[in-house]
Amino acid sequence: MTESKFTPRVFSGIKPSGGLTLGNYLGAIKRFVGMQGAGFETIYCVVDLHAITVWQDPAELKTATREVAAGYLASGIDPEKSILFNQSQVHEHAELGWIFNCVARVGWMNRMTQFKDKAGSNAENVSLGLYAYPSLMAADILLYHATHVPVGEDQKQHVELTRDIAAKFNHDFKVDFFPLTTPVIEGPAMRVMNLRDGTKKMSKSGESDMERINMTDDADTIAKKFKKAKTDPEPLPETLDGLKDRPEARNLVDIYSALNDITPEAVIAEYAGAGWGRFKPALADLAVEKLAPISTEMERLMNDPAEIDRILGRGAERACEIAAPILKETYDIVGLLRR
Ligand code: TRP
């Protein structure tokens, strides 16, 4: 099967659980913005049905959904150029997800490392939805026949599973209907780590707010967090190699490089031998310059929830125009009668 019979189409999603961090921005949203108008149709989703695989307070879920939408918009996702919507408004996701539950094998789910990490020793007690989550994710992607999915390294296995589901469906029903989607994995510089422990990913749920930059942080908070970020006593090295085994130092260099759209090598070339007293304020200034306009715009949008809801609703209508015929044909292939 070739992928060429499919329109080049990008799909990706962010879960509305907790707030957005610099990790979401550099690792995901900034790249999503870059793919707009670059020869792809782009579809970006707030995946609220994924969020509820773990219990969410209903009022907080609504706020978090709007916040992710505001984060996309404030960062430059243009709702005319891209389709931007929240997943639950397009019921076809859940329907195709069910069909894929019947295609995917239990053994495949058992191999998902993210589930093992999240469920830990509590695997008997997590929701069935958390276990089946990757098959809903496959439905998100394949409902649009998406050919490319920009995701972090931690989601690569789920996109491979999506390919397995597409291949098994095509094989079982003797069709060439679903594409084999290509994961577009972020470069290492885009993996933003915790400011207090450079071996852990920056996460929205970590215990201390000082370990992450939130996309809603104001200028003073951003500057303060970078100035207090953990480092080691050594100055910046002469070459990138010198950052090996210095995870906190490496992370700050990577953040600087990603924010400024230059390579980590170029950052080192500029700051070789500099102490943290020089580098950290420079990083803080750069971060404020790039992020403060986004957080200001997010705040403006969050004060107008009706406008966000209108944009998501319009996006859902456009998403549905692509999704409905694909689901309809899937039902037909499977042998489900429709009125
Ligand atoms: N599972 C992804 C995450 O946790 C979110 C997601 C859901 C997604 N559906 C998707 C990402 C489809 C890409 C494509 O980050």
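The values are calculated or read from the model by the stated rules, or taken from the named source; none is laboratory data. Note that this is a predicted model, so its numbers are computed, not measured. Positions of Cβ are backbone-derived with ideal geometry, glycine not excepted, and every protein chain shown enters the neighbour counts. Side chains are part of the model used for accessible areas, which takes the heavy atoms of the whole protein and leaves out ligands, DNA and RNA. Shrake-Rupley method; radii C 1.70, N 1.55, O 1.52, S 1.80 Å.
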Suppose every K and R has +1 on its Cβ and every D and E has -1 on its Cβ; what is the size of the dipole of the chain about the Cα centre, in Debye to the nearest 20?
500
Dimensions (Å) - the chain, Cα atoms, principal axes, largest first
69, 43, 42
Helix axis angle, 247-260 relative to the chain longest principal axis, alpha carbon, degrees
70
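Beyond 28 Å between alpha-carbons counts as too far, so tell me which of LYS116/LYS204; LYS118/LYS156; LYS81/LYS168 fall in that bin.
Correct reply: LYS81/LYS168.
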Could you list the residues of segment 267-299 with an amide nitrogen less than 17 Å from a label point located 7 Å from the Cα of ASP209 in the Cα-to-C-beta direction?
292, 295-296, 299
Label point distance in nm, ASN260-ASN125, each placed 7 Å from Cα along Cα→Cβ:
4.8
Full extension from ALA272 to ASP304: what is 0.36 nm times the residue separation minus their Cα-Cα distance, to one decimal in nm?
7.0 nm
For segment 209-300, please report how many Lys pairs fall under 12 Å Cα to Cα, leaving out neighbours fewer than 8 apart on the same chain.
5
What is the distance, in nm, between label points placed 7 Å from the Cα along the Cα-to-Cβ direction at ASP57 and at ARG338?
4.0
DSSP bridge pairs, the chain: antiparallel proportion in percent, nearest 5:
10
Leaving ligands, DNA and RNA out of it, rank CYS320, CYS102, CYS45 by accessible area with a 1.4 Å probe, largest first.
CYS102, CYS320, CYS45
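Hey, with R₀ at 22 Å, roughly what FRET efficiency would LYS168 and ALA94 work out to, going by the Cβ-Cβ distance, to 0.05?
With R0 = 22 Å, the Cβ-Cβ based efficiency is 0.65.
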What distance in nm lies between label points placed 7 Å from Cα along the C-beta direction at ASN110 and ASP197?
3.1
